[in-house]
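The values are calculated or read from the model by the stated rules, or taken from the named source; none is laboratory data. This structure is a prediction, so every number in the text was calculated from the model and none was measured. Virtual Cβ from ideal backbone geometry, glycine too; neighbours counted across all protein chains shown.
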Amino acid sequence: MTTTLAPSFELNFDVLPPEIQKFKETVREFAQDVVLPRAQELDQAPAADFDWELVKQGHALGLTRVAVPKQYGGLGLGMLGIAVAMEQVAAACPGTALVFGATMLGQTPILYSGDPQLQARYLPMFAGDEPVLACNAVTEDAAGCDLIIPENARHAVDVMSARRDGDHYVLNGRKKFITNARFAAFASVFANMEGHEGATGLTSFIVDLDQPGVSRGPVADKMGYRACLGSELTFENVIVPVENVIGGELNGMAINIAQSNMARASVAGISTGVAQGAMDKALNWCGERVQGGQLLYKHQFSAQKIAEMAAKIDAARMLYLYAANKVDNQLPAPSTSPQWPSSSPTAWRSRSPTPRCRSSARALPARLRRGEDAARLLRRPHLRGHPGGAGAGDHGLPLPGR
Ligand SMILES: Cc1cc2nc3c(=O)[nH]c(=O)nc-3n(C[C@H](O)[C@H](O)[C@H](O)COP(=O)(O)OP(=O)(O)OC[C@H]3O[C@@H](n4cnc5c(N)ncnc54)[C@H](O)[C@@H]3O)c2cc1C
């Protein structure tokens, strides 16, 4: 007699939703056939060299608009689609993956703003025949983590400034290491409102980069990720309309944290891809190289190394799929990460129509300064609101691209 211990429930990380599985295969083909043969040359080229042809081909597949909702011409595949695609491209060339990843990061505040006007203005441009890139501008010369970690904020020095002047803001300052800044159409920029200590008045803006007062460059000469260009962005009296503020004045730190948390799933996809690319190479070598009269993989130590790599990569892949799925479905944070994406949409939605939402959102930076937990604050239901933007889900939370 045979017995089964459990009914046939299925929990299968190998089976992606069909649309994402198909996209993964398309991107893999592009990565292996087109990107991989160019990877070494791209990494050895002068710092300012950029392969637009490669970007054009990636754009044709949709890599510049993976999470952009279908109504704006995007693929509508959410963070899961982004992370899966990033793994495939990064296995061939992580720098090329970051060209597309940074573009998606630049789009993120607009996607999560829940603001249909901003979405209609800034998202359709990614669906044209020619590739358009975006970027996310946080880092500065003196302030790196000080613009990301709430308890660091009051120590930040020389932070880019913003001043309200009637129906617009005036931005002054310089950003550094900004991936895609050389070519991007717009940037998601974080600047500190004048009169606020350090970075305690951080505010998030969408800034058109082809306008007077913006200058791009020089390009940083990096040790890796050379296929994407990281450059300075300088802002001299740059005018930004009030409607381009994301999440309301003084909420930049919360938005920055939320955005970074969301990006982690795709960055983990890139890291998994790098590891997979390395393992593919090691595996090939073990199947070619003969020592002691036999191929390397027949030596127990080499075989064990490969098996360990495979197990770690599988674990990393499962973790990023799990994380991306949580971002897309607003599921609760895993206990291992106190600042998790499920908290984020509430922050974006502080642009709420209700006064209570707006005032609570305004209070956030002060509460963060007092050391309250960012994730817990941002999860509070009264910070939610603003139905209407593409991706707004059943619970009043945005589900990008679904
Ligand atoms: C390939 C690449 C692409 C990039 N692209 C972009 C981009 O597109 N846009 C952008 O804005 N930036 C970009 N950056 C910059 C990157 O985001 C910054 O390097 C990062 O924010 C950290 O800043 P920093 O390098 O100045 O480190 P620092 O802020 O100087 O930090 C140095 C170390 O101190 C630690 N530290 C700081 N504060 C604390 C604390 N309170 N507690 C414990 N440890 C602490 C940090 O963890 C870190 O290990 C890119 C960087 C790279 C390498």
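Per-residue answers, yes or no, for (1) at pLDDT 65 or above; (2) of a type outside the set (S, T, N, Q); (3) over 27 Å from ALA91 (Cβ atoms):
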{"site": "ARG264", "(1), (2), (3)": "yes, yes, no"}
{"site": "ILE270", "(1), (2), (3)": "yes, yes, no"}
{"site": "LYS281", "(1), (2), (3)": "yes, yes, no"}
{"site": "MET309", "(1), (2), (3)": "yes, yes, no"}
{"site": "ALA315", "(1), (2), (3)": "yes, yes, no"}
{"site": "ASN325", "(1), (2), (3)": "yes, no, no"}
{"site": "PRO332", "(1), (2), (3)": "no, yes, yes"}
{"site": "PRO341", "(1), (2), (3)": "no, yes, no"}
{"site": "PRO345", "(1), (2), (3)": "no, yes, yes"}
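Quick check, is ALA142 within 13 Å of the ligand (Cβ to nearest atom), more than 30 Å from ALA60 (Cβ to Cβ) and surrounded by fewer than 15 Cβ atoms within 10 Å (Cβ to Cβ)? Full working, then the answer.
Details: within 13 Å of the ligand (Cβ to nearest atom): yes; more than 30 Å from ALA60 (Cβ to Cβ): yes; surrounded by fewer than 15 Cβ atoms within 10 Å (Cβ to Cβ): yes.
For ALA142, the condition - within 13 Å of the ligand (Cβ to nearest atom), more than 30 Å from ALA60 (Cβ to Cβ) and surrounded by fewer than 15 Cβ atoms within 10 Å (Cβ to Cβ) - is met.
Across the stretch 225-263, what is the number of residues that are part of a loop (DSSP other than H, G, I, E, B), among the aliphatic types (A, V, I, L, M), away from the ligand (no atom under 12 Å from the Cβ) and buried (at least 24 other Cβ atoms within 10 Å of the Cβ)? First the steps, then the outcome.
Of the stretch 225-263, the ones part of a loop (DSSP other than H, G, I, E, B) are 225-229, 247-251.
After this cut, where a residue has to be among the aliphatic types (A, V, I, L, M) as well, the list is 227, 229, 250.
Checking which are away from the ligand (no atom under 12 Å from the Cβ) leaves us with 250.
This time we only want the ones that are buried (at least 24 other Cβ atoms within 10 Å of the Cβ), so: none.
The number of residues fulfilling the criteria is 0.
When both residues are 6+ apart or on different chains and their Cβ atoms are under 9 Å apart, which pairs have a first residue that lies in the stretch 84-99 and is touching a residue at least 24 places away in the same chain (Cβ under 8 Å), and a second that is charged (D, E, K, R) and within 13 Å of the ligand (Cβ to nearest atom)?
CYS93/ASP43; GLY95/ASP43; GLY95/LYS222; GLY95/ARG226
For the stretch 156-202, please list each of the strands (runs of 3 or more DSSP E) lying entirely inside it that holds at least 3 residues being among the small types (Gly, Ala, Ser), within 20 Å of GLY106 (Cα to Cα) and within 13 Å of the ligand (Cβ to nearest atom). I'd like the intermediate steps shown before the answer.
Working: elements: 161-165, 168-179, 186-193.
Correct list: 186-193.
A quick yes/no check of all residues on (1) within 17 Å of SER271 (Cα to Cα); (2) in contact with a Leu (Cβ under 9 Å, 6 or more places away or on another chain):
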{"position": "ARG289", "(1), (2)": "no, yes"}
{"position": "GLN294", "(1), (2)": "no, no"}
{"position": "GLN300", "(1), (2)": "no, no"}
{"position": "ALA303", "(1), (2)": "no, yes"}
{"position": "ILE306", "(1), (2)": "no, yes"}
{"position": "LEU321", "(1), (2)": "yes, yes"}
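Tell me, which helices (runs of 4 or more DSSP H) lie completely within the stretch 42-152 with 1 or more residues that are at pLDDT below 95 and in the same structural domain as ILE313 (by TED's automatic domain parsing)? Write out each step before concluding.
Working: elements: 52-61, 78-92, 94-113, 116-122.
Qualifying helices (runs of 4 or more DSSP H): none found.
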